[in-house]
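Written below as structure tokens is the structure these notes are about.
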Amino acid sequence: MRSIRQAEQVDLGFRPDGVLNVHMDVSHVGLAEAAGRVFFKEVERRVREVSGVTDVSFASTVPLGYLSTSAHVEPEGGLFTLADRPVASRNAVGPSYFSTMGVPLVRGRAFGETDDETAPLVTVVNQWMADMLWPNEDPINRRFSQSGPSGPWLQVVGVTTTGRYRSLFEDPRPSFYVPLAQHYAAVRVLHVRSSTSANAPARAVERIVNELRPDLPLYDVQSMTRALESPLGFFLLRTAARFAGVTGVLALILTVVGLGGLVSCTVTMRRHEFGVRLAHGARPLDIAALVLRRGLTVTATGIAAGIAIAVAWSGALDQFLYRTSAQDPLILLAAALVLIVAAAAACLIPAQRAARTDPLRALRRD
């Protein structure tokens, strides 16, 4: 639970809430580049007119999706050797991508309508890439190539924050964006931001596409938050949490039943002792406390052993956790408190039975 909470609070570099994803591939219906550009532009124009839609943009890939692209980058001036060129994530996006996806710009500008196929090549990089290629320098108007030291060169016009691109668990990595107008892609995802629910524009988008190209199939039509439940997103964490939760509850039930049975057996075996104690003036509360102390002593021994094992195995457990350590004192303390409360509840009924022991009947029977 702590691990999932940490994952949900991580900065993805974009805002997934309120965004609908619609994938399409116009090459399946034989649209060439010129016809494809006209089609995509008309789809975007019509979707913008749908009620509740606040922003729309195309992109070639989805963050944390199963399809990703990358390129070797070479800054102008030859900072790296050919073998050492860093690999950066790459996404071709429309002019409204950054506002639609909620990607913050920390410097410079986003793409504009003038950044088309006739204009100089431009790009927007993330902060990690800017610091890597031009440390302690202003990256705006700097140039790099994704095709080798001979170019063509892309000019940096903006810088975004560093987010997550391929996996929720990845380390910070360089990433850059290029305009779809300058780098045509037949396979695209339409991002639609809505002021209502993310899925609200789905039928309208499908209707618009069907009116333009009835033979074009749409796939992976889902909200961005739903898309993040993939194996590259929260799926593994949530699955592990559910599995750990179920096994943990079962273990806790076995603990309560086992400890309750042990204490109950102890109460039966010590019935004569309790009778003698009560006959000599002990209060029922003292007998109940004695039984509870016995059960909690066993519990404390188990907790100590459990913490020692957890610490010893923390290295193996940490690989299943996200920004959380198996040695976290708060987690160990919480687990210990849960066990203590469960143990006290398990011992309560046998303790009450021991406190109600009739001294005369116990002594006469023995």
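Every number here is computed from the coordinates shown, using simple stated rules; none is lab data. A quick note: this is a predicted structure, and the numbers were derived from the prediction, not measured. Cβ atoms come from the backbone with ideal geometry, glycine included; neighbour counts cover every protein chain shown.
Brief remarks on what is shown
- Building the convex hull from the alpha-carbon atoms of the chain and averaging its projection over directions returns 26.8 nm².
- If the segment from Val87 to Val311 were pulled out straight at 0.36 nm per residue, it would be longer than the present Cα-Cα gap by 76.9 nm.
- Evaluated on region 82-232, the Kirkwood hydrodynamic radius is 17.3 Å, with distances taken between all distinct Cα atoms.
- Adding -39500 (n - 2.57) for every DSSP H run of four residues or longer, then dividing by how many residues the chain holds, sets the calculated 222 nm ellipticity at -14000 deg cm²/dmol.
- FRET efficiency for Asp215 and Asp318, using Cβ-Cβ distance with R0 set to 41 Å, rounded to 0.05: 0.20
- Extending 7 Å from the Cα toward the beta-carbon at both Arg109 and Asp138 defines two label points whose distance is 1.5 nm.
- Sorting 239-251, 284-296, 29-41 by their mean Cβ neighbour count within 10 Å, with the most densely packed peptide first, gives 284-296, 29-41, 239-251.
- Whether region 1-89 is rounded, prolate or oblate, judged on the alpha carbon gyration tensor where a/c under 1.5 counts as rounded: oblate
- Antiparallel bridges, percent of DSSP beta bridges restricted to the chain (to nearest 5): 75
- Inter-part distance where region 131-146 and region 90-120 are each reduced to a Cα centre, Å: 17
- Computed packing ranks the peptides 90-97, 16-23, 65-72, 151-158 as 90-97, 16-23, 151-158, 65-72, most packed first, by mean other Cβ atoms within 10 Å.
- Relative frequency of Cα-Cα separations exceeding 19 Å in region 236-365, percent: 58
- When peptides 170-179, 112-121 are ranked by their average number of other Cβ atoms within 10 Å per residue, the highest-first order is 170-179, 112-121.
- Sites Ser230 and Arg283 - FRET efficiency at Förster radius 51 Å, r taken between beta-carbons, to 0.05: 0.25
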